[in-house]
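Novice: A single structure is presented below for examination.
Any read-out appearing in this document is the output of simple, stated calculations on the displayed coordinates, not a laboratory observation. The model shown is predicted, which means the values in this text are computed figures rather than measured ones. When we count neighbours, we look across all protein chains shown, and the Cβ atoms used for this are built from the backbone with ideal geometry, even at glycine.
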Amino acid sequence: MTGAPPDVSIHHLRAITNESTVELPDRVVEILAAVGPDTDVLVSDVSARSFAAATRRSYSKQEPNLVPFINSLQALGDELVLICQVEHGDELVTAVVRATDRSLVAATAIDRSVGIVHITVQELCARLRASNAPGVELALEVASQCLADDRVRIFEQGALSTARTVLTKYTMAAEKGFDVRGLDGFAGALVPLGDEQPGFCIVQADTSVGITAFTPGNADVVAAMGIGGLSLHSETTEETG
């Protein structure tokens with residue numbers, strides 16, 4: 001894994017967008033203004049060209065308005081950029097900033113409820129049983145406790161940035177006494193995918209959570225992990241993993 005990219009606060013991201021002459025979609029401005037001061041900004045550093053390609057593969061069919069966003073990235077070629085992402089419900093703001101001078105290149109907002117994908121617990125269990133990917137038994141242990149016809153949402157987000165996030169979050173959780181299993185294998189399986197946008201799903205049974213990652217397109221299981229000892233009222237969301 002490469003060195004961690006610099007932290008970017010929501011305050012800093014607002015300042016970058018406010019000072020920029022880049023034309024921003026109205027929804028980007030609205031979301032950045034609406035989120036709270038403690039909102040996390042997920043940051044990853046990649047080449048502009050590779051992120052443009054990943055965005056086209058993942059979203060261009062349901063989000064044709066991303067063409068100007070993708071074109072702005074492609075114009076930078078292999079220049080290193082910071083991908084700054086902010087969650088707001090089903091919407092995701094992505095701002096691309098030059099790594100050199102922190103100037104804004106482009107920004108967009110995507111409604112991920114469009115073309116939303118679900119998987120039944122029964123199908124998830126079948127895929128986990130058929131896979132020899134790292135940690136599948138951990139997610140299967142949790143999923144097997146859920147109703148077979150329950151539907152679980154599959155959401156997409158960057159592989160490398162997710163690997164960094166889960167390592168940080170769940171290493172801290174383990175230090176606090178939570179039963180975190182399969183973390184290293186899960187993160188390690190995501191790293192080679194780089195800026196690809198694999199699918200993830202989360203199941204919870206009582207005080208345990210299972211997280212499963214799929215290959216882009218959701219054809220195969222990449223890895224899974226489990227967390228135990230959670231509060232019955234805990235909510236594990238996309239921001240956590």
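Novice: Test of understanding: given the chain, find the longest segment containing no GluC sites (Glu not before Pro) that are in a DSSP loop and have at most 12 other Cβ atoms within 10 Å.
Specialist: On the way: sites that count: Glu23, Glu235.
Within the chain, the longest run free of exposed GluC sites (Glu not before Pro) spans 24-234.
Novice: By how many degrees, between 0 and 90 and to the nearest 10, does the Cα long axis of helix 10-19 differ from the longest principal axis of the chain?
Specialist: That helix lies at roughly 30 degrees to the long axis.
Novice: Between Ile154 and residues 5 or more places away or on another chain, which pairs have amide H atoms under 5 Å apart, with H built 1.01 Å from N, and which residues are they?
Specialist: Val117, His118, Ile119
Novice: Could you pull out which residues in segment 170-195 have an amide N less than 20 Å from a spot 7 Å beyond the Cα of Gln74, following the Cα-Cβ vector?
Specialist: 195
Novice: Follow-up. For the chain, what is the mean residue ellipticity at 222 nm derived from helices alone (per DSSP H run of n ≥ 4: -39500 (n - 2.57); sum divided by total residues; nearest 500 deg cm²/dmol)?
Specialist: -10000 deg cm²/dmol
Novice: How far apart, in nm, are two points set 7 Å out from the Cα along the Cα-to-Cβ line at Phe178 and at Ser9?
Specialist: Once both label points are built, they end up 2.4 nm from each other.
Novice: By its C-alpha gyration tensor, with a ≥ b ≥ c as the square roots of the eigenvalues, how is segment 10-111 shaped: rounded for a/c under 1.5, else prolate for a/b larger than b/c, else oblate?
Specialist: It comes out oblate by the Cα gyration axes.
Novice: Estimate the FRET efficiency between Asp149 and Ser50 by the formula 1/(1 + (r/R0)^6), using the beta-carbon distance for r and 30 Å for R0, to the nearest 0.05.
Specialist: 0.15
Novice: Of the chain, which part is the longest with no trypsin sites (Lys or Arg not before Pro) in a loop (DSSP not H, G, I, E, B) and with at most 16 other C-beta atoms within 10 angstrom?
Specialist: Longest run free of exposed loop sites: 103-175.
Novice: For Val117 and Ala99 in the same chain, what is the full-extension length gain: residue separation times 0.36 nm, less their Cα-Cα distance, in nm?
Specialist: Value of the extension gain: 3.1 nm.
Novice: Counting Lys +1, Arg +1, Asp -1, Glu -1, what net charge surrounds Leu76 among other residues with beta carbon under 11 Å of its beta carbon? Show your work: numbers first, answer last.
Specialist: On the way: positive: Arg49, Arg98; negative: Asp78, Glu79.
Here the count lands on 0.
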